[in-house]
1. Write down, largest first, the equivalent ellipsoid semi-axes of region 1-158 in whole Å, where each equals the square root of 5 times an eigenvalue of the alpha-carbon gyration tensor.
2. How much of the accessible area of the chain, in percent, comes from carbon and sulfur atoms when a 1.4 Å probe is used?
3. Testing the spin-label approximation: label points 7 Å from Cα along Cα→Cβ at E459 and Q91. State their distance in nm.
4. Would you kindly find the accessible area of Y334, with a 1.4 Å probe and non-protein molecules such as ligands, DNA and RNA excluded, rounding to the nearest 10 Å²?
5. What is the packing order of peptides 10-23, 34-47, 125-138, taking the mean over residues of other C-beta atoms within 10 Å and listing the highest first?
6. Grab the DSSP H runs of the chain that are 4 residues or longer, score each as -39,500 (n - 2.57), total them, divide by all residues and round the 222 nm result to the nearest 500 deg cm²/dmol.
7. Which of the peptides 245-252, 433-440 is most tightly packed, and how do the rest follow, judged by the mean count of other Cβ atoms within 10 Å per residue?
8. Spin-label point model (7 Å from Cα, Cβ direction): what's the L84 to L271 distance in nm?
Amino acid sequence: MPIQIYDSLKREPVPFETEEPGRVRMYACGPTVYNYVHIGNARTLVWFDFIRRYLTYRGYDVTYVMNYTDVDDKIIERSKIEKLPVDAITQKYERAFEEDMAALGARAADIVCRATTHIGDMVAAIERLIEAGVAYEVEGDVWFAVERFPAYGRLSGRTLEDLRSGERVEPNPNKRHPVDFALWKAAKEGEPSWPSPWGAGRPGWHIECSVMSTKYLGMPFDLHGGGSDLIFPHHENEIAEAEATGGSSFVRHWLHAGMVQMGETKMSKSLGNIVLAHDAIAQVGGEPLRYWALSASYRAQTPFTEEVLADARASYERWQTFAVAARHVLGDDYPVLDARPVRAGDEVIDDPFVARFVEAMDDDFNSAGAFAVVHEVVRDANKAIDSGDRETLLALTRTFVELSEVLGFAFESDAGSSELVGGLVEYLLELREAARAERAFERADQIRDRLTSLGVVIEDTSAGPRWRVGPAPD
C-alpha cells in the first residue's frame, strides 16, 4: 500500500504519488523574519521536518526547500522600532529562528532561499504574467488580474463573489477587481527597493514563494505545505501566479497544518495571544515541546495549555528515563545508529513494532498511532529490564533507537551517560538503598532530595531505582 495523505486541494485522502519514482521535491513556507517565531508557526515547520524525515526513512530521495521572507512591510516597521537597518533586522531574526528550530530538533532545509536574492527571478516572472495578459501595471504597481484566471479559488473553495472587498484583500483604487493582488509594489521613500521595468519597487509577498519554489523544484513539484491560515490568500495566489501562463500544474499535493488553540480561539498575532517559540522552549524544553508538536495529527487544532504541555513533558521523560536505564544495563552494547535507518516501501518488515509504526505513519502521517507504538516498545523494554532479559532488552532498544531517530529525538547526549556522573549517582543511590535497608529513612530521603535538587530524577521500581538527569516533575 502506498502512503496515503490528505490532499487539501482534493479535500480527501489520496495515494502519495511523486513526479519521479523514489524522489520527493517539497516546499514549506518559512517565516517572515521581523520577530521571533511563535509556537504555532514553529509547530508547522517541526511537522514538515518530521515529514521530510519520514519520507527519507521510507526510502525517498527528498529535496526540501524553505524560504525566508526578508522584505516586507512588517520588517520595515520593525527596523524603525528597533532603529536598525532592514538587513540587520532580518539577520537577527533568521538566527533566532534557526536557534529555536534547532532546539526543537528540526534540521535545516536542504535549500534555504531568501526573497532579496531572487528579485531578478521575480521580475522575470511578473513580465511573463503581463505578457500573458493576466497582470497589469498602474502607477508603478503591478497587479494580478484574478478574473483572468478562471481556476482562482479552487484551493480555498471561495468564489470571486465571496471574496469581494472586505475579506483579507488589499484595498486600492487602482485595482480592477477588489481581489486583485500585488505582484510588484512601487517604491516608497526610505524603503528598500530594486529596479524593474515599472520603476523602483519591491515584490509582493505571494510571488516570492511561487518563484523560488519552482526555481529549485520545477513544475509540478510533489508537496507544498504550510499552516492552514496560508490557504487563502497566500497559497491560492501562488497557484494563480504559477499556472496562469500555461504549462503544467504547480503542485501535485497540498498539505496544511492545523492551528494552535489558546483556549477557545486560535493563536494569532492579530488576536494578541501568541506564545513565542523561544519562550516556550525556555519554559518546557525543546524536546518535550517537539513531543507536544508531533503527538497529535498535523491537521489537528492543537491545544497549547499547561495541562497538555505537562502531559507531553511527562510522556517524553518516560522515554528519556528508559533510554538512561537501558544504557546503564547494556553499557557498550547500547545500540548506536551508524546511519539513518531506511525502511523502503517494498521492504518486508519483520519487526512487528516497526511494521505497526510504518502502518500508522503511512496513513496520513498518523503520529498518534506512531507514538503509541513507541510507548509500547518502552513498556515492554522496561519489563525486560525488570526481569533481567538482556536479549529482549537489546532487541527492543534497537527498535526504540530507530523509531526515535525517525521522530527526531536523540537520547545519546544525556548528561547522565558520562562515566563520572553516572558512577557518582550510582554510588549515592547505593548509599540510599543501604539507608533504606537499615530503616534510616530520614537519611535516605535526604540523599534523594539532594539528588533531586541537582536535577537527578529518581524513579523507584521493583527492580531497583532508575534515574536520569532532567527537571523533576512538578
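1. 29, 26, 14
2. Of the solvent-accessible surface of the chain, carbon and sulfur hold 50 percent.
3. Result: 4.6 nm between the two label points.
4. 20 Å²
5. 34-47, 125-138, 10-23
6. -14000 deg cm²/dmol
7. For the peptides 245-252, 433-440, the packing ranking is 245-252, 433-440.
8. Each label point is offset 7 Å from its Cα along the Cβ direction, giving 2.9 nm.
The values are calculated or read from the model by the stated rules, or taken from the named source; none is laboratory data. Since this is a predicted model, take the numbers as computed values, not measurements. Note: ideal-geometry Cβ built from the backbone for every residue, glycine included; neighbour counts use all protein chains shown. Heavy atoms of the whole protein, side chains included, go into the accessibility calculation; ligands, DNA and RNA do not. Shrake-Rupley method; radii C 1.70, N 1.55, O 1.52, S 1.80 Å.
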